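Comments concern the structure below.
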Amino acid sequence: MSNEPRRPGRHFLQIPGPTPVPERVIAAMARQVLDHRGPEFQRLGKRVLAGVKTLFKTQGHVMIYPSSGTGAWEASLTNTLSPGDRVLMVETGQFAVLWKQMVDRLGLRAEVIQTDWRIGADSQEIEDHLRKDKAKAIKAVCVVHNETSTGCRTRLDDVRRAIDAAKHPALLMTDSISGLAAADLRHDEWGIDVTVAGSQKGLMMPPGLSFTAVSEKAIEASKSATLARSYFSWDDMLAFNDDGFFPYTPATSLLYGLDEAIRLLHEEGLENVFARHERLAEATRRAVRAWGLEVNCRDAKYDSPAVTTVLMPEGHNADTFRKIVLDNLNMSLGTGLNKLAGKAFRIAHLGDTNELTVLGALTGVEIGLELAGVPHKKGGVQAAMSYIADQAKPQVAKAA
């Protein structure tokens with residue numbers, strides 16, 4: 001038995017993944033494991049494989065791997081590219097850096113557009129770079145949809161228009177691990193060739209599943225790609241998925257949870273899900289600015305609906321602040337990553353969350369700023385409350 005005293009109430013998990021799991025999803029996973037070659041599992045498999053397509057807004061294939069999102073990254077590259085292929089990437093933050101490291105390890109050649117980590121991918125820079133590629137040698141453009149480390153979102157429809165304007169045949173690949181089910185994503189409409197995502201963010205599930213949505217163009221590219229792949233082979237997965245099965249033992253309990261998570265998202269309505277995330281994100285940013293602190297994302301066009309990254313004042317360590325908040329208020333905030341380590345903290349507002357949860361989190365941040373001696377103004381929580389109340393008034397009036 002632990003000697004730590006009990007902490008009453010619930011822990012506030014305000015990191016941008018894993019996010020809190022709804023009770024209905026937890027209950028759905030608390031079932032006996034099925035025979036993964038039997039008819040009952042086949043019905044489950046067909047249901048989740050069809051249901052997940054609705055979240056990506058695609059009529060094409062979405063493969064589900066027992067892996068983290070990193071596995072889906074690897075699948076996206078190894079199934080479509082060959083050793084030495086050139087790949088255009090945009091360094092929007094830590095997860096773009098990690099994806100680039102994988103490109104290097106696989107023997108591909110990355111060409112990187114740098115940013116200051118305070119915006120999403122600039123579509124004009126992508127277009128300009130592709131126009132210079134007269135030989136059309138670049139095989140793929142890889143961008144992070146929602147950069148979890150910086151709180152900046154890339155406008156994927158703009159990136160598609162940029163590729164088209166350059167008349168370039170490169171595949172468009174995106175990491176939407178923290179974007180899916182938090183920000184609008186239209187795999188087919190925006191002409192995305194490969195979209196990867198994970199279960200532990202907007203899908204409101206534990207870690208353990210990754211998703212790879214693919215276009216027919218990407219599948220065609222996989223037929224001539226020569227990078228080695230085995231576990232992540234699309235051929236094996238697609239062949240089994242047609243019948244609702246998987247080429248190896250699937251994460252059955254997580255698939256139960258996925259089935260319920262898809263149901264929850266559609267009960268709320270995807271457009272309502274996106275509007276809720278945008279609303280809570282704006283309330284958070286208003287609180288940060290009312291405190292006199294700086295939001296890392298410097299252009300509203302790129303504001304993330306999933307997470308807000310907050311820059312600490314000079315001379316104050318973000319990790320010290322986060323520890324004070326955890327020890328005294330039982331709340332976990334996201335840490336700063338890579339070049340933002342110790343210089344920023346992150347407030348998540350994605351997944352199974354609502355206005356009161358976010359206001360509670362913001363209250364904890366405001367108290368924490370006071371306890372840590374971080375210079376700030378009072379009234380951040382009040383600013384968020386006022387915004388949320390203003391947003392609710394039309395609905396209240398309509399109901400009356």
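Amide H to amide H distances under 5 Å link R109 with G84, D85, R86, V87, where only residues 5 or more positions off or on other chains count and H is placed in the peptide plane.
Taken one residue at a time, the phi angles of region 51-58 give Karplus couplings (6.51, -1.76, 1.60, θ = phi - 60°) of x, 5, 4, 5, 6, 7, 6, 9 Hz. Gly and Pro are set to x. Considering only G292, H36, M173, and ranking their Cα positions along the charge dipole of the chain that arises from unit charges at the beta-carbon of Lys, Arg, Asp and Glu, the one farthest toward the positive end is G292. Placing a pseudo-label 7 Å from each Cα along the Cα-to-Cβ vector at A135 and E268 gives an inter-label distance of 4.8 nm.
Of the heavy-atom accessible surface of the chain (probe 1.4 angstrom), what whole percent is carbon and sulfur? The C+S portion of the solvent-accessible surface of the chain is 52 percent. Charged side chains reduced to their Cβ positions (Lys and Arg at +1, Asp and Glu at -1) give the chain a dipole of some 380 debye around its Cα centre. Per-residue ellipticity at 222 nm from helix content only, as computed over the chain with -39500 (n - 2.57) for each DSSP H run of at least four residues, stands at -13500 deg cm²/dmol. Compared with the dominant Cα axis of the chain, that is its longest principal axis, helix 252-268 is turned about 60°.
Start at zero, step by 10 Å, and the Cα-Cα distances of region 200-320 spread as 9, 25, 26, 23, 14, 3 percent across the bins. Among the chymotrypsin sites (Phe, Trp or Tyr not before Pro) in region 195-303, those placed in a DSSP loop whose Cβ has at most 13 other Cβ atoms within 10 Å are Y248. Selection among T249, L238, V90 by position relative to the dipole of the chain gives V90 as farthest towards the positive end (Cβ unit charges, Cα centre). Of all DSSP-defined beta bridges confined to the chain, some 50% are antiparallel rather than parallel.
Each peptide in 87-94, 382-389 receives the mean, over its residues, of other Cβ atoms within 10 Å, and ordering these scores from highest gives 87-94, 382-389. Each 10 Å bin from zero holds the following percent of Cα-Cα pairs in region 72-229: 11, 44, 38, 7, 0. Computed over the alpha carbons of region 1-114, Rg followed by Dmax gives 20.2, 56 Å. Please go through region 332-382 and write out the trypsin sites (Lys or Arg not before Pro) that DSSP classes as loop and that have at most 15 other C-beta atoms within 10 Å. In loop regions of region 332-382 (DSSP not H, G, I, E or B), the sparsely surrounded trypsin sites (Lys or Arg not before Pro) are K377, K378.
The mean sequence distance of close C-alpha pairs (under 8 Å, at least 6 residues apart), as a share of the length of region 271-338, puts its relative contact order at 24 percent. Once Lys and Arg get +1 and Asp and Glu get -1 on their Cβ, which of Q124, W99, Q59 lies farthest toward the positive end of the dipole of region 49-157? Positive-end residue among those listed: Q59. Checking every one of the trypsin sites (Lys or Arg not before Pro) in region 188-260 against DSSP loop status and a limit of 14 other Cβ atoms within 10 Å picks out K223. Temperature 25 °C, viscosity 0.890 mPa s: under these conditions the Stokes-Einstein estimate for region 143-234, based on its Kirkwood radius over C-alpha pairs, is 173 µm² per second.
Taking a virtual spin label 7 Å from the Cα of K377 along the C-beta vector, which residues in region 277-294 bring their backbone nitrogen under 12 Å of it? Answer for region 277-294: 287-294.
Compactness of the chain was expressed as the Cα radius of gyration divided by 2.2 N^0.38 Å, which yields 1.01.
The values are calculated or read from the model by the stated rules, or taken from the named source; none is laboratory data. Just so you know, these numbers come straight off a predicted model, no measurement behind them. In this analysis, Cβ positions are derived from the backbone assuming ideal geometry, glycine residues included, and neighbour counts consider all displayed protein chains. Quick note on the areas: whole protein, heavy atoms, side chains included, nothing else; ligands and nucleic acids left out. Shrake-Rupley method; radii C 1.70, N 1.55, O 1.52, S 1.80 Å.
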